[in-house]
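Chemist: The structure that follows is given in the form of structure tokens.
The values are calculated or read from the model by the stated rules, or taken from the named source; none is laboratory data. On a predicted model such as this, the values are computed, not experimentally measured, just so you know. Glycine also receives a Cβ, built like all others from the backbone with ideal geometry; neighbour counts cover every protein chain displayed.
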Amino acid sequence: MLSRSSLSGLAVGLFALYVAHTGWVMYGIVYTRPCPAAGAGAAAAHPACVWPYLARRPKLQLSVYTTTRSNIGAESNVDLVLNVEDFDVESKFERTVNVSVPKKTRNNGTLYAYIFLHHAGVLPWHDGKQVHIVSPLTTYMVPKPEEINLLTGESTTQQIEAEKQTSALDEPVSHWRSRLTLNVMVEDFVFDGSSLPADVHRYMKMVQLGKTVHYLPILFIDQLSNRVKDLMVINRSTTELPLTVSYDKISLGKLRFWIHMQDAVYSLQQFGFSEKDADEVKGIFVDTNLYFLALTFFVAAFHLLFDFLAFKNDISYWKKKRSMIGMSTKAVLWRCFSTVVIFLFLLDEQTSLLVLIPAGIGAVIELWKVKKALKMTVKWQGIWPKIQFGTYNDSEKKTEEYDAQAMKYLSYLLYPLCIGGAGYSLLNVKYKSWYSWLINSFVNGVYAFGFLFMLPQLFVNYKMKSVAHLPWKAFTYKAFNTFIDDIFAFIITMPTSHRLACFRDDVVFLVYLYQRW
């Protein structure tokens, strides 16, 4: 059986291997080995190399068509929505066009965009060296539930009317993707034909020109830029919708990295992640600088390690604990209540699973701690459980006196503030249901004043002139994670109150450290 130190050492060792492996994989993604014979002479002398067609500087044209068909063989049943003559692959642009929405699409159907890159002055269907790519302009999502004032019944009527025309709130309906982001790989990179990268290969189209093989321009659609916040509900009265088409060149390294990230997001959706959950992951990649993103991956790995070590040490500490001397039972109860409320709030807000899953695990652990703190035992009498509570010794009763004294004074301040805040939100804020208002009221109290409920433990520490009874190993790992959470507060999409609570926890840990000092 492994000892605790051996288990921690094994976790750290696995973590180091994971970081090293991730670094090696990332290097393999961004670095592509060129054809070794590319610089030795003329192209004709090296048929094993695959040369860029763009190096010939052809005159190109960009055309964007829409159709309700996923496959088209000719120019029938397509609408031209954008035509860029004398297309320059080096020049960035952004244009907004109005797209006609067919009746089939308005009836919960799909509309596709066909993007062609072809020679100027030649229709794409008549150009043997054209490249094209297809992307749906619609996706299916359950519309956001109606939010109303619970006392007056007022709601945002425009949104609700649109949703009533389409479908019930619990059924997926067509949403319009208002952005289409295009890229062309512009590096004059010469590939080794015997070891083409599999990720790029599926986007490549080769042509034989004389004795050498050339790859046509690599056209790519940045699906990570399709965010939930840009989606628009399509209803039956909609005849036209805006589409913003943006273009920018892309390097080979970034193209390969983006392909892998899109594949990762697609894999998450195949594993059951919703469009909204996948959108949170997209936001990490799209809204973050690449260097900062690399730092985020590195920091996230440490976050996982500290989470594991904190949970392990916390569980180990409470598993061995037989006495509540020096420990505030009220603080344990409050921490359990607040953790469960925060989990229910995040669940009600449909927050990313990246935030929701750790919160759920934490709630289960806090419930187990309450059982230990109250010395609860459950005995079954037939099909009915019987809960029994243990007794406290004199030292534990002294701790409970300090605990009750601290809570007495706190209650005079906190209860009126929480009740007043709940009443104010009921009058002025719209909610989906009474349950949503109740959970939001609880969680606002937790976020705004929750750290004050940790004061009883600080008060007990002060009265007993000791902090030896606290689980300092677990506290240390949690402190590291608290500061890492400050970084994630700016990266991962989450409710503003939850984001502010990350910074609130910093203050609490600093006070604990001061008491230890």
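Chemist: If you take the residues of the stretch 347-362 that are within 18 Å of Asn444 (Cβ to Cβ) and modelled with pLDDT of 80 or more, which of them is surrounded by the fewest Cβ atoms within 10 Å (Cβ to Cβ)?
Modeler: Leu347
Chemist: Another question, then. Out of the residues in the stretch 364-407 that are in a loop (DSSP other than H, G, I, E, B) and small (Gly, Ala, Ser), state the one that is farthest from Arg335 (Cα to Cα).
Modeler: Filtering first and then ranking leaves Gly382.
Chemist: Looking at the stretch 483-492, is at least one residue in a helix (DSSP H, G or I), at pLDDT below 70, over 25 Å from Leu344 (Cα atoms) and of a type outside the set (Gly, Ala, Ser)?
Modeler: Taking every residue of the stretch 483-492 in turn, none turns out to be in a helix (DSSP H, G or I), at pLDDT below 70, over 25 Å from Leu344 (Cα atoms) and of a type outside the set (Gly, Ala, Ser).
Chemist: For the stretch 169-206, which positions are aromatic (Phe, Trp, Tyr) and either not in a strand (DSSP E or B) or not assigned by the TED database to the domain that holds Pro242 (or both)?
Modeler: Phe189, Tyr203, listed by residue number.
Chemist: Take the conditions touching a residue at least 40 places away in the same chain (Cβ under 8 Å) and within 34 Å of the chain's Cα centre (by Cα) and apply them to Arg179. Does it pass?
Modeler: So Arg179 passes the test.
Chemist: Further, regarding this structure: What single numbered condition from (1) touching a residue at least 40 places away in the same chain (Cβ under 8 Å); (2) under 33 Å from the mean Cα position of the chain (by Cα) fails to hold for Val142?
Modeler: All conditions pass for Val142, except number (1).
Chemist: Do we have any residue at all in the stretch 70-92 that's at pLDDT below 80, within 32 Å of the chain's Cα centre (by Cα) and surrounded by fewer than 14 Cβ atoms within 10 Å (Cβ to Cβ)?
Modeler: Checking the stretch 70-92: at least one residue is at pLDDT below 80, within 32 Å of the chain's Cα centre (by Cα) and surrounded by fewer than 14 Cβ atoms within 10 Å (Cβ to Cβ).
Chemist: Select from the stretch 352-396 the residues that are on the phi < 0 side of the Ramachandran plot, among the small types (Gly, Ala, Ser) and either without any contact (Cβ under 8 Å) to a residue 40 or more places away in the chain or touching a Leu at 6+ places or on another chain (Cβ under 7 Å) (or both) and list them in ascending order.
Modeler: Ala359, Gly360, Gly362, Ala363, Gly390 - these are the residues of the stretch 352-396 that are on the phi < 0 side of the Ramachandran plot, among the small types (Gly, Ala, Ser) and either without any contact (Cβ under 8 Å) to a residue 40 or more places away in the chain or touching a Leu at 6+ places or on another chain (Cβ under 7 Å) (or both).
Chemist: Take the residues in the stretch 384-415 that are more than 42 Å from the chain's Cα centre (by Cα) and β-branched (Val, Ile, Thr); name whichever of them is surrounded by the most Cβ atoms within 10 Å (Cβ to Cβ).
Modeler: Going through the qualifying residues, I end up with Thr399.
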